[in-house]
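Student: After the structure tokens below, expect a handful of questions from me.
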Amino acid sequence: MRRREFLGGTAAAAGLVWAYSPRLAFSQSTDARIELLLDEHLGTISPNIYGHFVENLSGVVYDGIWVGEKSKVPNVGGIRKELIDEMRKIKPGVVRFPGGCFADSYDWRDGVGPTDKRPRRTNFWSGGEAPAAPDTHRYDPNQFGTNEFAQFCKQIGGEPYFAANLRSLPAEQFYRWVEYCNSPAGSTTLADDRAAAGFKDPFNVKYWGVGNEAWGCGGNFLPQEYATEFRRFTAWVPGYKVPLKFIGSGPDSANWAWTRGFFEDMVRKGKGQLDSLFGWALHHYAWNMSRGKTSDWNKAKGDAVNFDVTDWCEILRQGEQVETLINGHWQIMGEFDPEHKVKLVVDEWGPWYKSGSELTPGDQLEQLPTLRDGVFSGMTLDIFNRNPEKVTMACCAQLINCLNSLYLAHEDRFCVTPVGHVFAMYAAHQGGESVRAEFSAPAVHYDRDGQAASFWGLRGSASLHDKQLIVTAVNPNVKDACETQIGVRGARVTSAEASVLSASDIHARNTFEQRQAVAPKAASVRLSGDSAMFSFPAASVTKLTLQLG
Ligand code: AHR
């Protein structure tokens, strides 16, 4: 076990104790063991769990994605080229747009037709904009609408997922939006409008969210009321060539009553009603850093870049709750849908910190991801990988210039955050068969304001791709590496390589000036008999690529 030379200043100052629990009996020389059970298949890992969320919120669209065709920032049809290039590397699945809360204020008709004729509208988020924010953040110029978003998806190799307005538009406009996107060339007036904009062929959009957070900003409904609205919106929507997949506005975190109330009401009308529900959207943000002192949304949030070891551990602890939430909501859904035809769609997830770390002053909800957020994201993607039969889609909130962003950009400056690097590393899992991976590692112990607390030591996921096994893991221990023996039951490892994201300072992050402060590095894996040996560095995310004989 290698002791860490450097521990971030605030962590050391906090005098926190991190220690391994007694070593496991199976080996004198290793701290931990991973056992990969090749014949225990959990399901195929959908590329769509590697999805993204783009809301028309502050700097996400205007500046982040859309720079305009006349911009001196390199662009492809108005879309930031550096973003396209980076996103192609991560094989994005679905991209959800235009919100979030914004979605239930948006009229899709404002964002189609000649760009110089499109109206300017007050943005849903205008009230929270800082004085430094540009006008485009407060007043939506509608230059980036359906056509531009569809082009963006095409350029990056992603799949569009629209969130439709349920709160402030009639169901008819939902049908019309689908018609605009999907009706065949020449078939309808809206197909002609689409062709006039340069898009003769339909966009064939499959995924449609029916409102967003209908328990809150999406209409303040009761679950039973929302079930009625959901049925009304989704009854008899023409799908044209593609089967439409509707996603219902599901719960916030542990709002079990929302899931139960909705499903109960759907089957009260008849069991077949669930046939129109492809996915049930769960939102989970990790935000309460008060260590149990308050649940006040404004007071409990922590700082994105200034944190100690306890904060590090607390945010991971809240993030990993998503696995409990997946299991809990899945169980309730199963009471009404025993065959589990309806899957979970975790279409907003990530840590949410207080404002103050934004690289671009005036970007509302922008935060500066550190190594901690890379570890958080690896942990979350591993959870989705381990639950492929339950989670069919997921979207990290949000893609650029916002919460847990993969990228930050302003004018001609751009950087990939540790979160973006984790998505690039984990892309190798997509389409693979998730196999059971048993992790056995000493827990990490820490001090939670005088109370002893602990967190697991090493966890991850594995997927099989013919003769290649991809294993990803996070070591949340900020002090110590974890020497690990890796055994594959049912095959022999013939060669192995590793890619590691870590840094000597747990607060490390990339900025416009220091774009490579945190980036994955190759590391070597030792083969010993039938096993592989790897030392997972402290505070790290690792991808192992094992070739099997
Ligand atoms: O991601 C920011 C906001 O968080 C979204 O608009 C909303 O759906 C959620 O509450």
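Student: Output the Kirkwood hydrodynamic radius of the chain, Cα pairs only, in Å rounded to one decimal.
Tutor: About 24.1 Å, per the Kirkwood formula over Cα pairs.
Student: Here are some pairs, Lys241/Lys467; Lys154/Lys241; Lys117/Lys154; Lys72/Lys117; which of them have Cα atoms lying more than 28 Å apart in this structure?
Tutor: Lys241/Lys467
Student: Which far-off residues, 5 or more places away or on another chain, put their amide H under 5 Å from the one on Cys396, with H placed in the peptide plane?
Tutor: So Cys396 has HN proximity to Gly51, His52, Phe53.
Student: Same structure again: In segment 100-188, what is the volume of the convex hull around the alpha carbon atoms, normalised per residue and reported in Å³?
Tutor: It is 125 Å³ per residue.
Student: Now for a separate question. Under unit Cβ charges (Lys, Arg +1; Asp, Glu -1), what dipole magnitude, rounded to 20 debye, does segment 146-197 have relative to its Cα centre?
Tutor: In debye, rounded to 20, segment 146-197 gives about 100.
Student: Roughly speaking, what is the stretch gain from Glu411 to Tyr139, that is 0.36 nm per residue apart minus the C-alpha to C-alpha distance, in nm to one decimal?
Tutor: 96.1 nm
Student: For Thr189 paired with Ser126, estimate the spin-label separation in nm (one decimal), with each label point 7 Å from Cα along the Cα-to-Cβ line.
Tutor: Using points 7 Å along Cα→Cβ, the separation is 2.9 nm.
Student: Further question: Where does the longest stretch of the chain lie that holds no chymotrypsin sites (Phe, Trp or Tyr not before Pro) found in a DSSP loop with 14 or fewer other Cβ atoms within 10 Å?
Tutor: 298-549
Student: Would you grab the residues whose amide H sits under 5 Å from the one on Ser454? Only those 5+ places off in sequence or on another chain, please, with H modelled 1.01 Å from N.
Tutor: The answer is Tyr446.
Student: Please work out the C-alpha center-to-center distance from segment 254-309 to segment 329-369 and express it in whole Å.
Tutor: After rounding, the separation between the Cα centres reads 8 Å.
Student: For the chain, what does the relative contact order come out to in percent, with C-alpha contacts under 8 Å and a separation of six or more?
Tutor: Dividing the mean separation by the residue count of the chain yields 21 percent.
Student: With a 1.4 Å probe and all protein chains left in place, how much of the accessible area of segment 380-539 comes from carbon and sulfur atoms, in whole percent?
Tutor: 42
Student: Measure out, as a whole number of angstrom, how far apart the alpha-carbon centroids of segment 438-488 and segment 75-149 sit.
Tutor: Computed from Cα coordinates, the inter-centre distance equals 39 Å.
Student: Another question, if that's okay. Amide H to amide H under 5 Å from Ser434: which residues, 5+ apart in sequence or cross-chain, H placed 1.01 Å off N in plane?
Tutor: For Ser434, the qualifying residues are Leu42, Gly43, Thr44, Ile45, Leu464.
Student: Could you provide, to the nearest whole Å², the per residue accessible area of segment 139-277 with probe 1.4 Å?
Tutor: Accessible area per residue: 40 Å².
Student: Of all GluC sites (Glu not before Pro) in segment 62-137, which ones are in loop regions per DSSP and have a Cβ with at most 13 other Cβ atoms within 10 Å?
Tutor: Glu69
Student: Sticking with this structure for a sec: Work out the FRET efficiency for Trp236 and Arg268 from their Cβ-Cβ distance, taking R0 = 22 Å, and round it to the nearest 0.05.
Tutor: After rounding, the FRET efficiency stands at 0.65.
Student: Please list, short to long, the whole-number percent of alpha-carbon pairs of segment 393-528 in consecutive 5 angstrom bins beginning at zero.
Tutor: 2, 8, 15, 17, 19, 16, 13, 7, 3, 1, 0
Student: At a 1.4 Å probe, what is the % contribution of carbon and sulfur to the accessible area of segment 193-261?
Tutor: Of all accessible area on segment 193-261, carbon and sulfur atoms account for 55 percent.
Student: Further, regarding this structure: From the alpha carbon gyration tensor of segment 363-471, can you work out the equivalent ellipsoid semi-axes (sqrt of 5 times each eigenvalue) and give them in Å, largest to smallest?
Tutor: 26, 23, 12
Student: So, one more: For the chain, list the cysteines whose Cβ sits under 4.7 Å from no other cysteine Cβ?
Tutor: Cysteines of the chain left without a disulfide-compatible partner: Cys153, Cys181, Cys313, Cys395, Cys396, Cys402, Cys415, Cys482.
Student: A further question follows. Would you kindly derive the ³J(HN,Hα) couplings of segment 385-393 from the backbone phi angles with the Karplus curve 6.51 cos²θ - 1.76 cosθ + 1.60 (θ = phi - 60°), listing them in order in whole Hz, with x for Gly and Pro?
Tutor: After applying 6.51 cos²θ - 1.76 cosθ + 1.60, I find 4, 7, 10, x, 7, 9, 9, 9, 8 Hz.
Student: Could you tell me which of the pairs Lys81/Lys521; Lys89/Lys543; Lys299/Lys479; Lys245/Lys271; Lys206/Lys343; Lys89/Lys521 are separated by over 20 angstrom between their Cα atoms in the structure shown?
Tutor: Distance filter (> 20 Å) returns Lys81/Lys521; Lys299/Lys479.
The values are calculated or read from the model by the stated rules, or taken from the named source; none is laboratory data. Computed from a prediction, not measured in an experiment: that's the story for all the values here. Using ideal geometry, Cβ is built from the backbone for each residue, glycine included, and neighbour counts are taken over all protein chains shown. Just the protein is used for accessible areas: all its heavy atoms, side chains included, with ligands, DNA and RNA removed. Shrake-Rupley method; radii C 1.70, N 1.55, O 1.52, S 1.80 Å.
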